[in-house]
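The values are calculated or read from the model by the stated rules, or taken from the named source; none is laboratory data. Being a predicted model, the structure only gives us computed values, none of them experimental. With ideal geometry, Cβ positions are generated from the backbone for all residues, glycine too; neighbour counts draw on all protein chains shown. Accessible surface is based on the protein model in full, side chains and every heavy atom, while ligands, DNA and RNA are left aside. Shrake-Rupley method; radii C 1.70, N 1.55, O 1.52, S 1.80 Å.
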Amino acid sequence: MSFYNELTSKVILPLSGKLSGQMISTDLEMLMQSQYWTKSQIDDYQNRKLREMISHCFQNVPFYNELMKKLRLTPSDIRTKEDLHKLPIVTKDDLRNAKGKHVGVNLPPKSYFQNCSSGSTGEPFSFLSSYQAESFSKATNIRAWYWHGYRLGDKYVKLSMNSRSSKLKQLQDLFNRCKYLSSNQLSESSFEAIAHGLHAYDPLFIRGYPVPMFFLAEVIAKKYGGYQGKSLLGINTTGTTLHDDVRKKIEDTFHTKVFDSYSCEGGANFTECPICGAYHPSEEYAISEFVADSFSANEADFPLRHITTDLVNFASPFIRYDTQDYMVLKDKTKWRDCTRPYLQVESIKGRDGDILVTPSGKYLLVDNFAAYFEFVPQVDLIQVIQDKIDHVDINMVVNSGFDDQTHRKIKEFWDLNFGEGVHVDVNVVDTIQLSSAGKRRTVIRNPDIKLND
(Lines give C-alpha, C1' and ligand atoms only; values in the text may rest on other atoms or scores of the structure.)
Protein backbone atom coordinates (compact mmCIF):
# COMPACT_ATOMS: atom_id res chain seq x y z
CA MET A 1 0.00 0.00 0.00
CA SER A 2 1.39 3.39 -1.03
CA PHE A 3 1.90 6.43 1.16
CA TYR A 4 -1.12 8.11 -0.48
CA ASN A 5 -3.31 5.07 0.21
CA GLU A 6 -2.32 5.25 3.88
CA LEU A 7 -2.86 9.02 3.97
CA THR A 8 -6.33 8.75 2.41
CA SER A 9 -7.61 5.91 4.57
CA LYS A 10 -6.14 7.07 7.89
CA VAL A 11 -6.24 10.88 7.59
CA ILE A 12 -8.31 12.24 4.69
CA LEU A 13 -11.35 9.95 5.05
CA PRO A 14 -11.73 10.37 8.85
CA LEU A 15 -11.20 14.16 8.51
CA SER A 16 -13.75 14.50 5.71
CA GLY A 17 -16.19 12.45 7.81
CA LYS A 18 -15.91 14.88 10.70
CA LEU A 19 -16.40 17.86 8.39
CA SER A 20 -19.48 16.33 6.72
CA GLY A 21 -21.04 14.84 9.83
CA GLN A 22 -20.51 11.30 8.57
CA MET A 23 -18.46 8.42 9.99
CA ILE A 24 -17.55 6.55 6.82
CA SER A 25 -14.18 5.47 8.20
CA THR A 26 -15.73 3.88 11.31
CA ASP A 27 -18.50 2.23 9.28
CA LEU A 28 -15.99 0.85 6.78
CA GLU A 29 -13.90 -0.64 9.57
CA MET A 30 -16.98 -2.46 10.89
CA LEU A 31 -17.98 -3.68 7.40
CA MET A 32 -14.50 -5.01 6.67
CA GLN A 33 -15.00 -7.27 9.70
CA SER A 34 -18.65 -8.24 9.12
CA GLN A 35 -17.88 -9.58 5.62
CA TYR A 36 -16.30 -12.56 7.42
CA TRP A 37 -19.23 -13.24 9.73
CA THR A 38 -21.22 -16.43 9.47
CA LYS A 39 -24.69 -16.44 7.95
CA SER A 40 -26.08 -16.87 11.46
CA GLN A 41 -24.26 -13.76 12.63
CA ILE A 42 -25.66 -11.77 9.69
CA ASP A 43 -29.18 -12.96 10.54
CA ASP A 44 -28.76 -12.05 14.22
CA TYR A 45 -27.48 -8.60 13.28
CA GLN A 46 -30.37 -7.98 10.87
CA ASN A 47 -32.97 -9.10 13.40
CA ARG A 48 -31.53 -6.84 16.09
CA LYS A 49 -31.45 -3.84 13.75
CA LEU A 50 -34.97 -4.68 12.52
CA ARG A 51 -36.35 -4.58 16.08
CA GLU A 52 -34.74 -1.16 16.58
CA MET A 53 -36.19 0.14 13.31
CA ILE A 54 -39.72 -1.20 13.90
CA SER A 55 -39.78 0.26 17.41
CA HIS A 56 -38.65 3.62 16.02
CA CYS A 57 -41.28 3.53 13.26
CA PHE A 58 -44.06 2.70 15.70
CA GLN A 59 -43.08 5.48 18.09
CA ASN A 60 -41.88 8.22 15.74
CA VAL A 61 -43.07 7.71 12.13
CA PRO A 62 -46.80 8.52 11.77
CA PHE A 63 -47.24 6.57 8.52
CA TYR A 64 -46.08 3.29 10.07
CA ASN A 65 -47.69 4.01 13.43
CA GLU A 66 -51.10 4.37 11.77
CA LEU A 67 -50.48 1.34 9.56
CA MET A 68 -49.52 -0.92 12.46
CA LYS A 69 -52.39 0.25 14.65
CA LYS A 70 -54.82 -0.39 11.81
CA LEU A 71 -53.49 -3.96 11.62
CA ARG A 72 -53.48 -4.25 15.43
CA LEU A 73 -49.75 -4.81 15.50
CA THR A 74 -47.18 -3.66 18.03
CA PRO A 75 -43.38 -3.82 17.82
CA SER A 76 -43.43 -7.06 19.81
CA ASP A 77 -45.20 -8.73 16.86
CA ILE A 78 -42.20 -8.18 14.57
CA ARG A 79 -39.10 -9.64 16.17
CA THR A 80 -37.34 -11.27 13.21
CA LYS A 81 -37.24 -11.17 9.42
CA GLU A 82 -39.76 -14.00 9.34
CA ASP A 83 -42.35 -11.67 10.91
CA LEU A 84 -42.14 -9.03 8.18
CA HIS A 85 -44.94 -10.66 6.21
CA LYS A 86 -47.36 -9.34 8.82
CA LEU A 87 -46.82 -5.89 7.30
CA PRO A 88 -48.06 -5.02 3.80
CA ILE A 89 -45.76 -4.14 0.95
CA VAL A 90 -45.68 -0.36 0.46
CA THR A 91 -45.10 1.51 -2.79
CA LYS A 92 -43.57 4.81 -3.78
CA ASP A 93 -47.09 6.17 -4.29
CA ASP A 94 -48.06 5.10 -0.75
CA LEU A 95 -45.15 7.07 0.72
CA ARG A 96 -45.65 10.02 -1.59
CA ASN A 97 -49.36 10.21 -0.72
CA ALA A 98 -48.48 10.10 2.99
CA LYS A 99 -47.48 13.77 2.54
CA GLY A 100 -44.59 13.76 4.98
CA LYS A 101 -45.98 11.23 7.46
CA HIS A 102 -43.23 8.74 6.49
CA VAL A 103 -40.63 11.00 8.19
CA GLY A 104 -39.32 10.45 11.72
CA VAL A 105 -40.56 13.25 13.97
CA ASN A 106 -37.96 12.85 16.71
CA LEU A 107 -34.76 13.56 14.79
CA PRO A 108 -32.89 16.87 15.11
CA PRO A 109 -32.87 18.79 11.77
CA LYS A 110 -29.08 18.75 11.53
CA SER A 111 -29.04 14.93 11.51
CA TYR A 112 -30.56 14.53 8.01
CA PHE A 113 -30.77 16.08 4.55
CA GLN A 114 -33.15 16.10 1.58
CA ASN A 115 -32.47 13.24 -0.83
CA CYS A 116 -34.03 12.15 -4.10
CA SER A 117 -34.24 8.86 -5.97
CA SER A 118 -32.64 8.79 -9.42
CA GLY A 119 -35.98 8.68 -11.20
CA SER A 120 -34.90 5.80 -13.46
CA THR A 121 -38.48 4.53 -13.53
CA GLY A 122 -39.81 7.98 -14.36
CA GLU A 123 -40.81 8.69 -10.74
CA PRO A 124 -38.22 10.84 -8.95
CA PHE A 125 -39.10 10.71 -5.26
CA SER A 126 -37.95 13.05 -2.49
CA PHE A 127 -37.25 11.69 0.99
CA LEU A 128 -34.97 12.36 3.92
CA SER A 129 -31.67 10.60 4.53
CA SER A 130 -29.90 10.65 7.85
CA TYR A 131 -26.19 11.41 7.68
CA GLN A 132 -25.69 8.10 9.50
CA ALA A 133 -27.44 6.21 6.68
CA GLU A 134 -25.53 8.14 4.00
CA SER A 135 -22.26 7.33 5.73
CA PHE A 136 -23.08 3.64 6.06
CA SER A 137 -24.23 3.39 2.43
CA LYS A 138 -21.03 5.01 1.17
CA ALA A 139 -19.01 2.63 3.32
CA THR A 140 -20.76 -0.39 1.77
CA ASN A 141 -19.85 0.97 -1.67
CA ILE A 142 -16.21 1.43 -0.72
CA ARG A 143 -16.09 -2.11 0.68
CA ALA A 144 -17.50 -3.40 -2.62
CA TRP A 145 -14.77 -1.56 -4.53
CA TYR A 146 -12.23 -3.15 -2.20
CA TRP A 147 -13.50 -6.55 -3.37
CA HIS A 148 -12.47 -5.50 -6.87
CA GLY A 149 -8.97 -4.42 -5.89
CA TYR A 150 -9.51 -0.71 -5.23
CA ARG A 151 -7.92 1.00 -2.24
CA LEU A 152 -8.67 4.46 -0.91
CA GLY A 153 -6.25 6.87 -2.56
CA ASP A 154 -6.08 5.00 -5.88
CA LYS A 155 -6.55 7.11 -8.99
CA TYR A 156 -9.98 6.63 -10.56
CA VAL A 157 -12.27 8.23 -13.13
CA LYS A 158 -15.98 8.83 -12.59
CA LEU A 159 -17.96 9.06 -15.82
CA SER A 160 -21.25 10.80 -15.07
CA MET A 161 -24.25 12.42 -16.78
CA ASN A 162 -23.94 15.68 -14.82
CA SER A 163 -21.27 18.35 -14.68
CA ARG A 164 -19.34 18.75 -11.40
CA SER A 165 -20.44 22.27 -10.36
CA SER A 166 -20.15 21.99 -6.57
CA LYS A 167 -16.87 23.41 -5.21
CA LEU A 168 -17.05 20.97 -2.27
CA LYS A 169 -17.39 18.01 -4.66
CA GLN A 170 -14.49 19.31 -6.73
CA LEU A 171 -12.37 19.54 -3.59
CA GLN A 172 -13.35 16.00 -2.58
CA ASP A 173 -12.40 14.78 -6.06
CA LEU A 174 -9.00 16.41 -5.69
CA PHE A 175 -8.24 14.72 -2.36
CA ASN A 176 -9.73 11.39 -3.50
CA ARG A 177 -7.70 11.43 -6.74
CA CYS A 178 -10.93 11.25 -8.73
CA LYS A 179 -10.98 12.58 -12.31
CA TYR A 180 -14.59 13.55 -13.04
CA LEU A 181 -15.57 13.38 -16.72
CA SER A 182 -19.04 14.41 -17.91
CA SER A 183 -20.81 12.24 -20.50
CA ASN A 184 -23.90 14.45 -20.72
CA GLN A 185 -23.47 14.98 -24.46
CA LEU A 186 -23.48 11.50 -25.97
CA SER A 187 -21.79 12.37 -29.26
CA GLU A 188 -18.65 11.04 -30.89
CA SER A 189 -16.75 14.28 -30.34
CA SER A 190 -17.53 14.31 -26.60
CA PHE A 191 -16.46 10.68 -26.25
CA GLU A 192 -13.22 11.47 -28.08
CA ALA A 193 -12.56 14.18 -25.49
CA ILE A 194 -13.35 11.74 -22.67
CA ALA A 195 -11.01 9.14 -24.19
CA HIS A 196 -8.26 11.74 -24.32
CA GLY A 197 -8.85 12.60 -20.65
CA LEU A 198 -8.78 8.92 -19.68
CA HIS A 199 -5.53 8.21 -21.48
CA ALA A 200 -3.90 11.30 -20.00
CA TYR A 201 -4.96 10.48 -16.42
CA ASP A 202 -4.30 6.71 -16.68
CA PRO A 203 -6.51 5.68 -13.71
CA LEU A 204 -6.54 2.37 -11.88
CA PHE A 205 -10.36 2.21 -11.93
CA ILE A 206 -13.31 3.66 -13.86
CA ARG A 207 -16.89 4.01 -12.62
CA GLY A 208 -19.80 4.81 -14.94
CA TYR A 209 -23.17 3.86 -16.40
CA PRO A 210 -23.11 0.86 -18.77
CA VAL A 211 -24.49 2.63 -21.86
CA PRO A 212 -22.07 5.60 -21.88
CA MET A 213 -19.23 3.15 -21.18
CA PHE A 214 -20.40 1.10 -24.18
CA PHE A 215 -20.36 4.07 -26.55
CA LEU A 216 -17.04 5.23 -25.13
CA ALA A 217 -15.66 1.75 -25.83
CA GLU A 218 -16.90 1.98 -29.43
CA VAL A 219 -15.14 5.31 -29.96
CA ILE A 220 -11.90 4.09 -28.34
CA ALA A 221 -11.94 0.89 -30.41
CA LYS A 222 -12.53 2.88 -33.60
CA LYS A 223 -9.99 5.64 -32.94
CA TYR A 224 -7.24 3.79 -31.04
CA GLY A 225 -7.87 0.10 -31.65
CA GLY A 226 -8.35 -0.32 -27.91
CA TYR A 227 -7.71 1.43 -24.62
CA GLN A 228 -4.17 2.83 -24.39
CA GLY A 229 -3.88 3.33 -20.61
CA LYS A 230 -1.35 1.17 -18.75
CA SER A 231 -2.69 1.05 -15.19
CA LEU A 232 -6.38 0.08 -15.40
CA LEU A 233 -7.35 -2.72 -12.98
CA GLY A 234 -11.15 -2.70 -13.21
CA ILE A 235 -14.38 -0.97 -14.21
CA ASN A 236 -17.47 -0.59 -12.02
CA THR A 237 -20.82 -0.10 -13.77
CA THR A 238 -24.05 1.02 -12.12
CA GLY A 239 -27.37 2.72 -12.83
CA THR A 240 -28.92 0.59 -15.58
CA THR A 241 -28.93 -3.09 -16.53
CA LEU A 242 -25.60 -4.38 -17.82
CA HIS A 243 -26.29 -6.68 -20.77
CA ASP A 244 -23.84 -9.39 -21.84
CA ASP A 245 -23.00 -7.79 -25.19
CA VAL A 246 -22.36 -4.43 -23.50
CA ARG A 247 -20.12 -6.09 -20.90
CA LYS A 248 -18.15 -7.92 -23.60
CA LYS A 249 -17.59 -4.77 -25.66
CA ILE A 250 -16.34 -2.82 -22.64
CA GLU A 251 -14.08 -5.62 -21.40
CA ASP A 252 -12.63 -6.31 -24.86
CA THR A 253 -11.89 -2.63 -25.47
CA PHE A 254 -10.48 -1.79 -22.03
CA HIS A 255 -8.71 -5.17 -21.52
CA THR A 256 -10.01 -5.48 -17.96
CA LYS A 257 -12.86 -6.93 -15.91
CA VAL A 258 -16.21 -5.18 -15.45
CA PHE A 259 -17.89 -5.45 -12.05
CA ASP A 260 -21.54 -4.39 -12.02
CA SER A 261 -23.50 -2.95 -9.10
CA TYR A 262 -27.07 -1.96 -8.24
CA SER A 263 -28.69 0.22 -5.61
CA CYS A 264 -32.06 1.79 -4.82
CA GLU A 265 -33.61 4.02 -2.19
CA GLY A 266 -33.94 2.22 1.12
CA GLY A 267 -32.11 -0.84 -0.15
CA ALA A 268 -28.80 -2.64 0.10
CA ASN A 269 -26.06 -2.04 -2.43
CA PHE A 270 -25.58 -5.12 -4.62
CA THR A 271 -22.24 -5.75 -6.29
CA GLU A 272 -20.64 -8.56 -8.27
CA CYS A 273 -18.24 -10.69 -6.29
CA PRO A 274 -14.99 -11.70 -8.04
CA ILE A 275 -14.85 -14.89 -5.98
CA CYS A 276 -18.23 -16.47 -6.77
CA GLY A 277 -19.41 -14.30 -9.67
CA ALA A 278 -22.79 -13.53 -8.06
CA TYR A 279 -24.18 -10.21 -6.88
CA HIS A 280 -23.96 -9.82 -3.08
CA PRO A 281 -26.21 -7.36 -1.20
CA SER A 282 -24.81 -5.39 1.72
CA GLU A 283 -27.07 -7.20 4.17
CA GLU A 284 -25.86 -5.05 7.05
CA TYR A 285 -27.78 -2.13 5.51
CA ALA A 286 -31.11 -3.69 4.55
CA ILE A 287 -33.21 -6.85 4.47
CA SER A 288 -34.09 -8.02 0.96
CA GLU A 289 -37.20 -10.05 0.21
CA PHE A 290 -38.04 -11.53 -3.20
CA VAL A 291 -41.66 -11.98 -4.24
CA ALA A 292 -43.08 -13.88 -7.21
CA ASP A 293 -45.87 -12.35 -9.32
CA SER A 294 -47.47 -12.78 -12.73
CA PHE A 295 -44.41 -11.39 -14.49
CA SER A 296 -42.19 -13.93 -12.69
CA ALA A 297 -44.34 -16.79 -13.93
CA ASN A 298 -44.07 -15.66 -17.55
CA GLU A 299 -40.29 -15.43 -17.67
CA ALA A 300 -38.05 -18.46 -18.18
CA ASP A 301 -35.48 -17.38 -15.56
CA PHE A 302 -38.23 -16.61 -13.01
CA PRO A 303 -37.25 -13.10 -11.86
CA LEU A 304 -38.58 -12.06 -8.46
CA ARG A 305 -39.73 -8.62 -7.34
CA HIS A 306 -37.26 -7.01 -4.94
CA ILE A 307 -38.79 -5.80 -1.66
CA THR A 308 -36.50 -3.98 0.77
CA THR A 309 -36.54 -3.05 4.45
CA ASP A 310 -34.11 -0.32 5.51
CA LEU A 311 -32.20 -0.98 8.74
CA VAL A 312 -30.27 2.30 8.99
CA ASN A 313 -32.16 5.37 7.74
CA PHE A 314 -34.30 6.51 10.67
CA ALA A 315 -35.17 9.78 8.90
CA SER A 316 -37.41 8.28 6.16
CA PRO A 317 -37.57 4.51 6.80
CA PHE A 318 -38.48 2.17 3.95
CA ILE A 319 -40.23 -0.89 5.40
CA ARG A 320 -41.21 -3.65 2.96
CA TYR A 321 -40.75 -1.19 0.13
CA ASP A 322 -41.46 -2.24 -3.45
CA THR A 323 -38.37 -1.23 -5.45
CA GLN A 324 -40.12 -2.05 -8.77
CA ASP A 325 -37.00 -4.00 -9.77
CA TYR A 326 -36.65 -7.70 -10.51
CA MET A 327 -33.78 -10.02 -9.70
CA VAL A 328 -32.95 -13.60 -10.59
CA LEU A 329 -31.71 -15.50 -7.54
CA LYS A 330 -28.94 -18.02 -7.94
CA ASP A 331 -30.18 -21.56 -7.35
CA LYS A 332 -28.82 -22.50 -3.92
CA THR A 333 -27.81 -25.91 -5.23
CA LYS A 334 -25.52 -24.02 -7.66
CA TRP A 335 -24.01 -21.53 -5.23
CA ARG A 336 -20.26 -21.33 -5.62
CA ASP A 337 -18.03 -21.41 -2.57
CA CYS A 338 -17.42 -17.89 -1.28
CA THR A 339 -15.72 -16.42 1.76
CA ARG A 340 -18.54 -13.89 2.05
CA PRO A 341 -21.76 -14.96 3.82
CA TYR A 342 -24.22 -13.02 1.69
CA LEU A 343 -27.07 -13.96 -0.58
CA GLN A 344 -26.10 -14.83 -4.17
CA VAL A 345 -28.07 -13.13 -6.97
CA GLU A 346 -27.64 -14.34 -10.54
CA SER A 347 -28.73 -11.17 -12.40
CA ILE A 348 -30.56 -7.87 -12.11
CA LYS A 349 -33.53 -7.66 -14.46
CA GLY A 350 -34.78 -4.18 -13.61
CA ARG A 351 -33.52 -0.72 -14.55
CA ASP A 352 -33.42 -1.53 -18.23
CA GLY A 353 -33.28 1.99 -19.68
CA ASP A 354 -33.72 2.23 -23.40
CA ILE A 355 -31.70 4.52 -25.66
CA LEU A 356 -32.84 7.21 -28.09
CA VAL A 357 -30.84 8.17 -31.16
CA THR A 358 -31.15 11.29 -33.32
CA PRO A 359 -30.60 11.54 -37.11
CA SER A 360 -27.24 13.22 -36.37
CA GLY A 361 -26.10 10.19 -34.35
CA LYS A 362 -26.50 11.68 -30.87
CA TYR A 363 -27.67 9.33 -28.10
CA LEU A 364 -29.97 10.14 -25.17
CA LEU A 365 -30.92 7.72 -22.41
CA VAL A 366 -32.93 7.51 -19.22
CA ASP A 367 -30.23 9.20 -17.16
CA ASN A 368 -30.39 12.37 -19.26
CA PHE A 369 -34.10 12.75 -18.55
CA ALA A 370 -33.89 11.69 -14.89
CA ALA A 371 -31.10 14.23 -14.25
CA TYR A 372 -33.13 17.06 -15.83
CA PHE A 373 -36.60 16.36 -14.38
CA GLU A 374 -35.22 15.74 -10.90
CA PHE A 375 -35.01 19.54 -10.68
CA VAL A 376 -38.47 20.26 -12.16
CA PRO A 377 -40.76 19.82 -9.12
CA GLN A 378 -43.84 20.77 -11.19
CA VAL A 379 -43.59 17.42 -13.02
CA ASP A 380 -44.46 14.22 -11.13
CA LEU A 381 -43.98 11.55 -13.82
CA ILE A 382 -42.45 11.41 -17.27
CA GLN A 383 -42.27 9.05 -20.21
CA VAL A 384 -40.31 9.68 -23.40
CA ILE A 385 -41.40 7.82 -26.54
CA GLN A 386 -39.53 7.86 -29.85
CA ASP A 387 -41.84 6.45 -32.49
CA LYS A 388 -39.77 7.71 -35.44
CA ILE A 389 -36.13 8.74 -35.84
CA ASP A 390 -37.28 12.36 -36.23
CA HIS A 391 -40.13 12.47 -33.71
CA VAL A 392 -40.24 12.23 -29.91
CA ASP A 393 -43.08 12.61 -27.41
CA ILE A 394 -42.30 13.69 -23.85
CA ASN A 395 -45.39 12.84 -21.79
CA MET A 396 -45.71 14.38 -18.35
CA VAL A 397 -48.03 14.01 -15.39
CA VAL A 398 -47.89 17.43 -13.72
CA ASN A 399 -49.06 19.01 -10.47
CA SER A 400 -50.65 22.32 -9.51
CA GLY A 401 -47.35 24.21 -9.77
CA PHE A 402 -47.11 23.59 -13.51
CA ASP A 403 -47.78 26.58 -15.80
CA ASP A 404 -47.21 27.80 -19.37
CA GLN A 405 -43.77 29.17 -18.53
CA THR A 406 -42.60 25.80 -17.18
CA HIS A 407 -44.03 24.08 -20.26
CA ARG A 408 -42.18 26.49 -22.56
CA LYS A 409 -38.85 26.06 -20.74
CA ILE A 410 -39.08 22.26 -20.97
CA LYS A 411 -39.89 22.44 -24.69
CA GLU A 412 -37.02 24.84 -25.40
CA PHE A 413 -34.55 22.72 -23.42
CA TRP A 414 -35.34 19.46 -25.21
CA ASP A 415 -35.61 21.07 -28.65
CA LEU A 416 -32.04 22.25 -28.10
CA ASN A 417 -30.81 18.92 -26.72
CA PHE A 418 -32.33 16.76 -29.45
CA GLY A 419 -31.09 19.21 -32.07
CA GLU A 420 -32.17 19.88 -35.62
CA GLY A 421 -34.06 17.20 -37.47
CA VAL A 422 -36.13 16.03 -34.49
CA HIS A 423 -39.63 17.29 -33.68
CA VAL A 424 -40.29 17.15 -29.94
CA ASP A 425 -43.85 17.21 -28.57
CA VAL A 426 -44.12 17.97 -24.85
CA ASN A 427 -47.49 16.68 -23.67
CA VAL A 428 -49.39 16.93 -20.38
CA VAL A 429 -51.21 13.62 -19.75
CA ASP A 430 -53.41 12.24 -16.99
CA THR A 431 -51.53 8.99 -16.46
CA ILE A 432 -48.62 6.89 -17.68
CA GLN A 433 -49.22 3.19 -18.24
CA LEU A 434 -47.23 0.45 -16.53
CA SER A 435 -45.22 -2.04 -18.56
CA SER A 436 -45.89 -5.78 -18.38
CA ALA A 437 -43.19 -5.95 -15.72
CA GLY A 438 -45.13 -3.52 -13.56
CA LYS A 439 -42.76 -0.60 -14.12
CA ARG A 440 -43.23 2.77 -15.70
CA ARG A 441 -40.67 2.77 -18.50
CA THR A 442 -39.12 6.21 -18.77
CA VAL A 443 -37.67 5.85 -22.26
CA ILE A 444 -39.19 3.80 -25.07
CA ARG A 445 -37.66 3.60 -28.55
CA ASN A 446 -39.44 2.01 -31.50
CA PRO A 447 -37.36 -1.16 -32.14
CA ASP A 448 -37.41 -0.38 -35.84
CA ILE A 449 -35.08 2.55 -35.12
CA LYS A 450 -31.60 1.02 -35.13
CA LEU A 451 -28.76 2.51 -33.12
CA ASN A 452 -25.93 1.78 -35.53
CA ASP A 453 -27.41 2.43 -38.98
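Mind putting together the pair-distance distribution for the range 1-91? All Cα pairs, 5 Å bins, whole percent per bin, short to long.
3, 12, 15, 15, 11, 12, 13, 9, 6, 4, 1, 0
Determine how large the accessible area of LEU204 is when every protein chain is in place; take a 1.4 Å probe and give Å² rounded to the nearest 10.
Approximately 40 Å² for this residue.
May I ask for the distance between the Cα centers of the range 49-89 and the range 293-370, given as a whole number of Å?
25
Suppose we keep just the DSSP beta bridges with both residues in the range 229-349; what percent of those would be antiparallel, to 5? Numbers along the way, then the final one.
Working: 19 of 22 bridges.
Looking only at bridges with both residues in the range 229-349, the antiparallel portion is about 85 percent.
For the chain, build the charge dipole from Cβ charges (+1 Lys, Arg; -1 Asp, Glu) around the Cα centre, then report which of ASN97, GLN33, PHE136 sits farthest towards its positive end.
GLN33
Taking a probe of 1.4 angstrom, what is the accessible area of CYS116 in Å², to the nearest 10?
Near enough 40 Å² of accessible area.
Tell me what the chain gives for mean residue ellipticity at 222 nm when only DSSP H runs of n ≥ 4 count, each as -39,500 (n - 2.57), the sum divided by the residue total, rounded to 500 deg cm²/dmol. Spell out each step's value before the answer.
Working: 14 runs with 155 residues, N = 453.
Mean residue ellipticity at 222 nm (helix-derived): -10500 deg cm²/dmol.
Be a star and scan the range 216-230 for residues whose amide nitrogen sits under 16 Å from the point 7 Å along the Cα-to-Cβ vector of ASP202.
It comes to 227-230, nothing else.
Would you kindly enumerate the cysteines in the chain that have no other Cys beta-carbon under 4.7 Å from their beta-carbon?
CYS57, CYS116, CYS178, CYS264, CYS273
Out of the range 1-98, which trypsin sites (Lys or Arg not before Pro) are coil in DSSP terms and have no more than 13 other C-beta atoms within 10 Å?
Filter output for the range 1-98: ARG72, ARG79.
Of the chymotrypsin sites (Phe, Trp or Tyr not before Pro) in the range 7-84, which ones lie in a loop per DSSP and count no more than 16 other C-beta atoms within 10 Å? Could you put the intermediate results ahead of the total?
Details: sites: TYR36, TRP37, TYR45, PHE58, PHE63, TYR64; in loops: TYR36, TRP37.
Answer in residue order: TYR36.
With each pseudo-label sitting 7 Å past Cα toward Cβ, what's the VAL291-GLU82 distance in nm, one decimal?
Taking the two extended label points, one gets 2.1 nm.
I'd like the accessible area for GLU52: 1.4 Å probe, protein heavy atoms, all chains in place, Å² to the nearest 10.
Solvent-accessible area, nearest 10 Å²: 80 Å².
Which whole-number percentage describes the relative contact order of the range 132-244, with Cα contacts under 8 Å and a sequence gap of 6 or more?
On the way: 141 pairs, mean separation 29.6, N = 113.
Reported as a whole number, the value is 26 percent.
Stokes-Einstein D for the range 309-362 at 4 °C, 1.567 mPa s, Kirkwood Rh over Cα pairs, in µm²/s? Write out the running numbers ahead of the final one.
On the way: Rh = 15.2 Å.
Answer from the Stokes-Einstein relation: 85 µm²/s.
What are the equivalent ellipsoid semi-axes of the range 254-379, built from the alpha-carbon gyration tensor (square roots of five times its eigenvalues), in whole angstrom, biggest first?
Computed over the range 254-379, the values are 27, 21, 16 Å.
Only bridges with both residues in the chain count here: give the DSSP antiparallel percent, nearest 5. Spell out each step's value before the answer.
Details: 36 of 62 bridges.
If we restrict to bridges inside the chain, about 60 percent are antiparallel.
Loop-only check: which trypsin sites (Lys or Arg not before Pro) in the range 195-245 are DSSP coil with at most 15 other Cβ within 10 angstrom?
Working: sites: ARG207, LYS222, LYS223, LYS230; in loops: LYS230.
Those satisfying the criteria are LYS230.
How big is the charge dipole of the chain about its Cα centre, in debye rounded to the nearest 20, if each Lys and Arg gets +1 on its Cβ and each Asp and Glu gets -1 on its Cβ?
For this selection, approximately 1340 debye.
Roughly how far apart, in whole Å, are the Cα centres of the range 131-168 and the range 396-414?
The range 131-168 and the range 396-414 have Cα centres spaced 34 Å from each other.
For a label point 7 angstrom out from the Cα of PHE413 toward its Cβ, which stretches of the range 375-395 have the backbone nitrogen within less than 19 Å?
Those under the cut-off are 375-386, 392-395.
Using a 1.4 angstrom probe with every protein chain in place, what is the largest-first accessible-area order of LEU233, LEU381? Walk me through the numbers before you get to the answer.
Values: LEU233 95, LEU381 20 Å².
Putting LEU233, LEU381 in descending order of accessible area: LEU233, LEU381.
How large a share of the accessible area of the range 1-112, in percent, is made up of carbon and sulfur atoms when the probe is 1.4 Å and the other protein chains stay in place?
Numbers: 3670 of 6550 Å².
About 56 percent, which is the carbon plus sulfur part of the accessible surface.
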